[in-house]
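Structure first, commentary second.
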Amino acid sequence: MGRIQEHIAATCDLTLIRCMDWRMDNGPCLRHALVNAYGPGRTFDTVSLAGSCYALVHGEATVREFFLEQVSTSVSLHQSEIVAIVQHTDCGQYKKVMTFENGAHEFHVLSDDILSAAKILREHFPNVDVHGYIALLQDDRVVQVRRTDIPNPVVAMPNVRERAHA
Ligand SMILES: [Zn+2]
């Protein structure tokens, strides 16, 4: 049919949440990591804000709404089934508001924020998988991308005994 309908039918595989930082694209590391994780030829929408998911976790209500709206547009319009959050070390957004004691502390804070963001995203988009990554920066480029562990949500089981007596 017409161009507009073709456009509406366009889908993508992933919604990528990442920092706006130019260094994320300096060198092929992040792109390679995504290809390794999801296979070549995958398409993804990108939500790119300072601090990646920082605004979703720590931002004011209006900022969080704006953030969720961007993700919602990707998930509902392009039917992406995975939201991949990429945080990175040496992030200016985090440096504005906190000082890390060392690399392990930084990694811990970033992982925690990914977990918090995943929880919020799962509440709003129960049908999407949320994956987390931390990109390690060195000399202004991504040198390594690590997957972070996001435990599966606990599924509430119906209480069989209570139901039997009901
Ligand atoms: Zn950043």
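Throughout, read-outs are computed from the coordinates displayed, never taken from laboratory work. In this text the structure is predicted, and so the values were computed from the model without any measurement. Glycine gets a Cβ as well: all are built from the backbone with ideal geometry, and neighbour counts include every protein chain shown.
Summary of computed values
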read-out	value
Hz values of 3J(HN,Hα) by residue in region 16-23 - Karplus curve (6.51, -1.76, 1.60), Gly and Pro given as x	9, 10, 8, 6, 6, 3, 4, 5
Two-decimal Rg/Rh across region 13-55, once Rg and the Kirkwood Rh are taken from alpha-carbon atoms	0.97
Charged-residue dipole, Cβ positions (Lys, Arg, Asp, Glu), region 3-165 about Cα centre, Debye nearest 20	260 debye
Amide H contacts under 5 Å for Gly51, placed H, 5+ residues apart	Met20, Asp21, Gln93
Dipole-positive endmost among Ser52, Ser80, Gln144 within the chain (Cβ charges, Cα centre)	Ser80
Residues with amide H under 5 Å from that of Val83, placed H, sequence gap 5 or more	Thr15, Asp129, Val130, His131
MRE, 222 nm, helices only [DSSP H, n ≥ 4, -39500 (n - 2.57), over the chain, to nearest 500]	-12000 deg cm²/dmol
Percent of Cα-Cα distances greater than 23 Å, calculated over the chain	43 percent
Region 50-59 - phi-based ³J(HN,Hα) in whole Hz, Karplus 6.51/-1.76/1.60, Gly and Pro as x	4, x, 6, 7, 3, 5, 5, 8, 10, x
In region 1-96, GluC sites (Glu not before Pro) in a DSSP loop with at most 16 other beta-carbon atoms within 10 Å	Glu60, Glu81
Considering only the chain, percent of DSSP beta bridges that pair antiparallel, nearest 5	30 percent
In sequence order, calculated HN-Hα J values of region 38-48 (Karplus, 6.51, -1.76, 1.60; Hz; x Gly/Pro)	10, x, x, x, 6, 9, 9, 7, 10, 9, 10
